[in-house]
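Values quoted throughout were computed directly from the atomic coordinates according to the rules given, and no laboratory measurement underlies them. This one's a predicted model, so the numbers in the text were calculated from it and none came from an experiment. Cβ sites come from the backbone with ideal geometry, for glycine too, and all protein chains shown count toward neighbours.
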Amino acid sequence: MTLDAFSRAVVTADASTSVVSDINALKAFVASGNRRLDAVNAIASNASCAVSDAIAGIVCENQGLIQAGGNLYPNRRFAACLRDTEIILRYVTYALLAGDSSVLDDRALNGLKETYSALGVPTTSTIRAVQILKAIAVAHIQGTNTEARAGSKYRKNEMILVEDRCASIAAEAAGYFDRVIAALS
């Protein structure tokens with residue numbers, strides 16, 4: 001079942017046959033709404049670049065992936081890798097927006113390791129790609145990405161979060177990436 005912070009509070013209260021008691025947590029979730037939207041926008045507006053950079057990163061680290069017999073050879077496998085990485089990033093943003101990992105767990109991570117094992121997808125490369133995605137997403141959320149680092153691909157986020165206010169959102173996003181890594185490990 002896919003939940004957001006409000007649904008989770010209601011389900012938890014219902015299971016214990018009590019009223020919703022953690023009102024302060026729900027108030028904090030509402031207060032963080034604009035920051036969540038800004039963070040998701042920062043990730044989503046740079047998603048194609050982030051995915052390409054993550055896959056390029058694993059290829060730079062292991063050239064054998066794109067050679068004959070490698071797991072990203074031929075082009076259809078490379079395209080499938082890009083697609084899967086984009087799907088993982090999309091579900092992380094869904095979880096960040098909802099403030100709850102259930103959508104990520106239910107729709108993306110449930111059985112992912114077993115599926116990749118059955119298809120012969122190397123989880124070490126996938127984990128490395130997710131680690132790179134995590135670093136990119138956190139940089140976009142915190143506004144630490146710069147034109148000097150990104151070159152012509154740089155997209156300035158006009159809605160940069162105030163540094164002391166974005167640390168919790170960046171940490172939450174990093175936690176969702178860590179869930180993906182743990183599911184693949």
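Result for the chain in a Gaussian network model with C-alpha springs under 10 Å: among LYS27, LYS134, LYS113, the largest mean-square fluctuation is at LYS27.
When only the Cβ of Lys, Arg, Asp and Glu is charged (+1, +1, -1, -1), the dipole of the range 36-110 relative to its Cα centre reaches about 260 debye.
Helix 123-142 and the long axis of the chain differ in direction by around 50°, with both axes built from C-alpha atoms. The label-point distance for ALA13 and GLU61, in a model that sets each label 7 Å from Cα toward Cβ, rounds to 4.4 nm. When you restrict to C-alpha pairs under 8 Å that are six or more residues apart and normalise by the size of the chain, the relative contact order lands at 28 percent.
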